[in-house]
Amino acid sequence: MQSNPEPAGRKKPSFIEQARRTQIVDAAAEVVAEVGYARTSFARIAEKAGISKGVITYHFDSKDEILRQVVTRFFDQGWQHMEDRISAAESAAGQVRAWIGSQLEFFGAHRTQFLAMSDIMANHRTEDGSHAYASELAEEVSSLAEILARGQRDGEMRPFDPHSFATMILHCTNGVLESWAMDPGIDLATESAALLDFIGHAIGREPS
């Protein structure tokens with residue numbers, strides 16, 4: 001998932017401007033993680049960043065723009081962490097394991113950003129009221145489904161509907177993450193290993 005380009009009409013920010021924008025986005029993530037999506041405001045973000053609201057409005061046109069940056073930047077960073085691990089796996093089953101395992105690993109190492117991303121994605125809507133990240137989530141399902149379909153063609157996996165199973169796998173992953181988000185005492189590495197074992201049995205070839 002790639003970040004959105006700069007808004008139309010805005011020139012590419014300088015290094016210093018980009019650093020300030022990063023500071024604001026980081027502060028916004030902390031605020032959302034601490035007080036929730038609904039209570040996040042320019043005032044709270046400015047207080048967290050130690051700057052004035054005027055500095056924020058100079059760099060961003062709206063809170064919507066900031067919160068979108070929180071999500072898209074985190075997804076870009078996560079995909080950078082995941083991509084090499086997925087590509088390095090030699091089999092489709094290995095790529096599924098690498099996808100889920102490295103995603104959980106990355107989210108586990110960045111709890112604050114994960115909490116913020118989850119809250120924003122669950123609550124953020126477009127102007128027409130639809131979910132703001134529906135297309136990105138659909139793309140994630142389709143990409144995982146392609147790997148599953150290849151695993152079936154290569155004889156690694158048993159027959160099933162790839163799109164349905166991709167959806168279920170991602171929902172199971174989200175379920176593990178939601179439990180961890182509610183209880184930071186949960187050992188995410190242990191839960192990740194259990195989930196990967198479950199997925200492996202679900203998609204593997206049936207004994208002959």
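The values are calculated or read from the model by the stated rules, or taken from the named source; none is laboratory data. Remember, predicted model here, so these are calculated numbers, not experimental data. Positions of Cβ are generated from backbone atoms using ideal geometry, with glycine treated the same way; all protein chains shown enter the neighbour counts. Protein only, heavy atoms only, side chains kept; ligands, DNA and RNA dropped before computing areas. Shrake-Rupley method; radii C 1.70, N 1.55, O 1.52, S 1.80 Å.
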Loop GluC sites (Glu not before Pro), segment 121-180, which have at most 12 other Cβ atoms in a 10 Å radius of their Cβ (DSSP):
Glu127
Mean accessible area per residue over the chain (1.4 angstrom probe, all protein chains present, square angstrom) is 55 Å²
Taking H placed 1.01 Å from N in the peptide plane, check which residues at least 5 places from Met157 or on another chain put their amide H under 5 Å from its amide H.
Gln152
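For Thr22 and Ala122 in the same chain, what is the full-extension length gain: residue separation times 0.36 nm, less their Cα-Cα distance, in nm?
That works out to 33.7 nm of additional length.
To the nearest 500 deg cm²/dmol, what mean residue ellipticity at 222 nm is calculated for the chain from DSSP H runs of n ≥ 4 alone, each contributing -39,500 (n - 2.57), summed and divided by the residues? Display every interim value, and only then the final one.
Values: 9 runs with 150 residues, N = 208.
My calculation for the chain gives -24000 deg cm²/dmol from helical runs alone.
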What's the local net charge at Val31, with K and R +1, D and E -1, over the other residues with C-beta under 12 Å away?
-1
Under a Gaussian network model of the chain whose springs join Cα atoms within less than 10 Å, the largest fluctuation of Phe15, Phe160, Phe107 belongs to Phe15
Given (i) 36, 18, 15; (ii) 39, 27, 11; (iii) 32, 18, 15 as candidate values of semi-axes √(5λ) of the Cα gyration tensor in Å, which corresponds to the one derived from the coordinates?
(i)
Ignoring ligands, DNA and RNA, what percent of the accessible area of segment 107-208 is carbon or sulfur (1.4 Å)?
54 percent
Residues of segment 188-208 with amide N under 18 Å of the 7 Å Cα→Cβ point at Arg158
195-208
